[in-house]
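Following: one structure in C-alpha cells, then a few remarks.
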Amino acid sequence: METRGIRPENLVGAVMHYTRKYLPGLGRWQGGQHGIPRTVTSFSLTPIALDQRVVLESIEKLLPRKKGKSFCRFLLGLLRVALILGVSETCKDALERRIGRQLELATLDGLLIPTYSDADALYDTDCVERIIHHFMSSESKVTPFSPSSFDMETSPSSRPLQKVAKLVDNYIAEVASDVTLKPVKIRSLAEALPESSRTLFDGLYRSLDIYFKAHPWLSDKEKEELCSMIDFSKLSIDACAHASQNERLPLRVVLQVLFFEQMHLRTALAGCIHGLETESGPAGPVTLPGDMASQIIQRDGWVTMVRENRVLKVDMEKMRSRVGELEEEFSKIKQEMKKVNKSHSSLSSPRVVARRIGCSLLSRPSDAKPDTIESTGPSPRISVEQARPSLHSRHKKSFSLF
C-alpha cells in the first residue's frame, strides 16, 4: 500500500484501528470505545498474551516516522501496553524514541505512566526521563501529517522546547505528591531540559512547593539543593510574593527571592520613570497608561507587603528575645523560691523553735536590769531622804524666830 502511493494518514488510521481491535486495553487508555476495557491483571503470560506481544512488536515496525497529536496519544497508549506485556528492549526503546521526537504534542494524562514493576514509586519517571532525553537528542526533524486529514493543532510560532518545558513542569507537579519519590528523581527530571527552555520558572517553583508539602521531613540542605535549579530572576511577581511568605522554603532561598525581586522592582520603576520623562512634553499633565499604572500599583502593593512582612519578622525576633529573658527571670525566681523554702523549713523545725523560746525567756531578766540602772528618774526612797533635811531645816528656822 505504501509503494502504491497510499497516504501515510490512511495507513496509520488502519494500523490504529487494527491495534485497538486486537490489543485489548489500548482503547481504555485512548478514551475510545474500541476494544474491551481490561485491567492490568488481564495481561498474563498466556499464549494469547504472547501473541499480543508479537503483534505489538510487529505493529511498531509498521508505523511511519510522522507526528501528530492523535498519533502521539496512540503511541503513549501503545507504550503502556508494551510495558505491561514486557516486550523486548528494542521495541520499547523504539516507541520511546518515536514519542520523544514529538513530545511537544503529548498531553499530561498520556505521560502519567504507572509503574508496572515492583518499584515503590507510583509513576514510571525513568521512562519519562528517557523520552525527554530522546527529545533533546533528536536531530532529524519528523515531518507532520497534513493538518486537514490528521489533527495537528500546532502553531508555527510556538516553540517546541518551551512547550516541553511547561509539560515537564506540570508532570513534576503531578508526581510530586508521591511520598516515595526521591529528590534525585525530581532533580533529574527538571535538569533534563536546559535553563533556556523556561522563560519563567513559576511552574518549577510550584512543583517544588508541592513536593515540599508532601515531604515535610526533608532537611534544609536537600531543599536548598532542589531550589538551586530555580532561576529566581525569572520568577513572576505573584510567584515571588508567594515565595517570600512560604514557610516551607529555607531562609536562604527566601532572602534570594527578596533580593532579586527588589532589583526587578528598581529596574522596572526606573524604566517607567525614564519612559514618562521622554514621552511627556514640557506642557500638559503627565498621564500614565492603564497597564503601566496597574503594574506600578501592583508592584507598590507587593513592596508594602514585603515591608510589612519584614516588620513582622523583626517583631517576632523581639518577641522571641523577650520570651527568652522572661524564661531566664522565671528560672531565677524559681531558684530564689527554692532557697526561701529551704530556709523556712529549717527555721520551722522543733529544735530551733525550742531554742528560740528558751533564749527569749532567759534574756528577759537581764534585759530588765540595765533598764533600772540606766533609768534617770528619781526613786521614791531617794526623794523621801531628800525631803527630810528640807523639813528639818524648816523647823530650825521656825525655832530661831521664836
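The values are calculated or read from the model by the stated rules, or taken from the named source; none is laboratory data. This is a predicted model, so every value here is computed, not measured. Cβ placement follows ideal geometry from the backbone for every residue including glycine, while neighbour counts extend to all protein chains displayed. Surface areas here come from the heavy atoms of the whole protein model, side chains and all, with no ligands, DNA or RNA. Shrake-Rupley method; radii C 1.70, N 1.55, O 1.52, S 1.80 Å.
Couple of notes before you dig in:
- Restricted to the stretch 165-198, and to residues there that are basic (Lys, Arg) and farther than 15 Å from Asp120 by Cα, the residue that is least open to solvent (accessible area, probe 1.4 Å) is Arg198.
- Matching residues, the stretch 217-254, being under 24 Å from Thr199 (Cβ atoms) and of a type in the set (A, V, I, L, M): Leu226, Met229, Ile230, Leu235, Ile237, Ala239, Ala241, Ala243, Leu249, Val253, Val254
- Exclusive hit being modelled with pLDDT under 75, in a helix (DSSP H, G or I) and open to solvent by less than 80 Å² (accessible area, probe 1.4 Å), set Gly324, Gly271: Gly271
- For the stretch 60-75, the candidate set comprises residues that are assigned to a helix (DSSP H, G or I) and either free of Cβ contacts under 8 Å to residues at least 12 places away in the same chain or out of contact with any Leu (no Cβ under 7 Å at 6 or more places or on another chain) (or both); within that set, the residue that is surrounded by the most Cβ atoms within 10 Å (Cβ to Cβ) is Phe71.
- The condition (being in contact with a helix residue (DSSP H, G or I) (Cβ under 6 Å, 6 or more places away or on another chain), more than 30 Å from Pro183 (Cβ to Cβ) and either modelled with pLDDT under 75 or of a type in the set (Val, Ile, Thr) (or both)) is satisfied by just one residue among Arg299, Arg310: Arg299.
- Checklist (1) at pLDDT below 65; (2) within 21 Å of Leu111 (Cβ to Cβ); (3) in contact with a Phe, Trp or Tyr (Cβ under 7 Å, 6 or more places away or on another chain) applied to Gly32, failing item: (3)
- Neighbours by Cβ (under 7 Å, 6+ apart or cross-chain): first from the stretch 233-253, among the polar types (S, T, N, Q); second modelled with pLDDT under 90: Ser233/Phe260; Ser244/Val254; Ser244/Val257; Ser244/Leu258; Ser244/Val306; Ser244/Asn309; Gln245/Asn309
- Residue match in the stretch 73-96 (condition: under 24 Å from Glu9 (Cα atoms) and among the hydroxyl-bearing types (Ser, Thr, Tyr)): no
- Checked against the criterion of being touching a Pro at 6+ places or on another chain (Cβ under 9 Å), open to solvent by 10 Å² or more (accessible area, probe 1.4 Å) and part of a helix (DSSP H, G or I), the stretch 88-102 has no qualifying residue.
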